[in-house]
Amino acid sequence: MTNPVARLAEVRSSIDRACKIAGRKPDDVTLIAVSKGRSAEAIEQLIAAGQRHFGESRVQEAADKWPVLRHRYPDISLHMIGRLQSNKAEEAAWLFDWVHSLDRRSLIDSLATVAVKLGRAPHCFVQVNIGAEEQKGGVAIAELGGLLEAVHSSSLPLAGLMAIPPEGAQASPYFALLAELGRRHGVTGLSMGMSADFPQAVMLGATHVRVGTALFED
Ligand SMILES: *Cc1c(COP(=O)(O)O)cnc(C)c1O
């Protein structure tokens with residue numbers, strides 16, 4: 001039978017183990033439970049088990065599910081991990097505390113404008129197209145420096161870099177590359193690692209792991 005408490009404990013202990021191996025503090029790694037496609041009931045089971053950071057990939061789905069849950073549990077942090085259209089920036093800034101998919105100047109401009117209007121700005125990870133994939137979101141590595149400068153000169157708080165390695169490839173070289181880009185640009189936050197590979201990501205420096213399936217399915 002499904003047991004979210006046991007799954008959460010298992011994921012946490014995998015993170016702790018990876019931290020121990022790498023000589024890192026478990027407190028330096030934030031576990032984001034990716035709840036896209038999951039019901040409010042399933043989410044509440046994880047909240048009851050102590051989970052506080054959640055991730056969604058669509059603004060509309062988050063708007064349907066989260067206002068009620070957030071009202072009930074005010075200490076939740078909500079992360080936008082999917083592609084964000086500029087015309088959804090205002091709704092996103094209301095709903096989310098964190099955005100992991102900042103990848104272009106027009107989105108910086110939209111988010112910075114609504115941040116002034118709302119008096120509220122999400123912490124932003126710049127998404128890097130780490131495998132140079134045609135169809136993927138994220139800024140090209142060659143353009144990362146320029147985009148980071150644009151973030152720095154905006155009012156948006158920069159949280160770090162985010163990437164999704166190419167499907168079917170060994171993820172670790174891409175995690176190592178993202179960590180290297182972070183060092184090169186003086187950025188410390190690293191959002192990387194999903195159900196299949198979060199322990200590797202933690203060993204390579206992830207500060208935020210985005211885990212869905214391993215928390216919600218047996
Ligand atoms: C869905 C999703 C995840 C979680 O993936 P799992 O394999 O279910 O852990 C993480 N990051 C992003 C950007 C996602 O869209």
Worksheet item: Stretched out fully, how many nm does the piece from Gln135 to Ala63 gain, at 0.36 nm a residue minus the Cα gap?
Response: 23.3 nm
Worksheet, complete the sentence: One can check that the equivalent ellipsoid of the chain, built from the alpha-carbon gyration tensor with semi-axes equal to the square roots of five times its eigenvalues, has lengths in Å, largest first, of 25, 23, 15
Worksheet item: Roughly how many nanometres apart are two label points built 7 Å out from the Cα toward the Cβ at Thr213 and Glu167?
Response: 1.1
Discussion item. Given points 7 Å out from each Cα along the Cα-Cβ axis, report the Ala40 to Ser86 separation in nanometres with one decimal.
Written reply: 3.5
Worksheet item: Ranking Glu149, Glu56 by Cβ neighbours within 10 Å, fewest first, what do you get?
Response: Glu149, Glu56
Worksheet item: What is the range 90-185's relative contact order, in percent, from Cα pairs under 8 angstrom and six or more apart in sequence?
Response: 28
Worksheet item: Any idea what Rg and Dmax come out to for the range 94-218 if you just take the C-alpha atoms, in Å?
Response: 14.5, 45
Worksheet entry | Pairs beyond 22 Å (Cα-Cα), from Lys25/Lys136; Lys65/Lys88; Lys20/Lys136; Lys65/Lys117 | Lys25/Lys136; Lys20/Lys136; Lys65/Lys117
Fill in: Estimated inter-spin distance, Ala22 and Asp97, nm [label 7 Å along Cα→Cβ]
2.2
Worksheet item: Given Ala196, Pro165, Leu181, which one lies farthest toward the positive end of the charge dipole of the range 151-218, if we put +1 on the Cβ of every Lys and Arg and -1 on the Cβ of every Asp and Glu?
Response: Leu181
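Any chance you could list the semi-axes, whole Å, largest first, of the equivalent ellipsoid that the Cα gyration tensor gives for the range 70-134, using √(5λ)?
Semi-axes, largest first: 22, 15, 9 Å.
Bear in mind that the values in this text are calculations on the coordinates, not laboratory data. Computed from a predicted model, the values in this text were never measured in an experiment. All Cβ positions, even for glycine, are placed from backbone atoms using ideal geometry, and neighbour counts span all protein chains on display.
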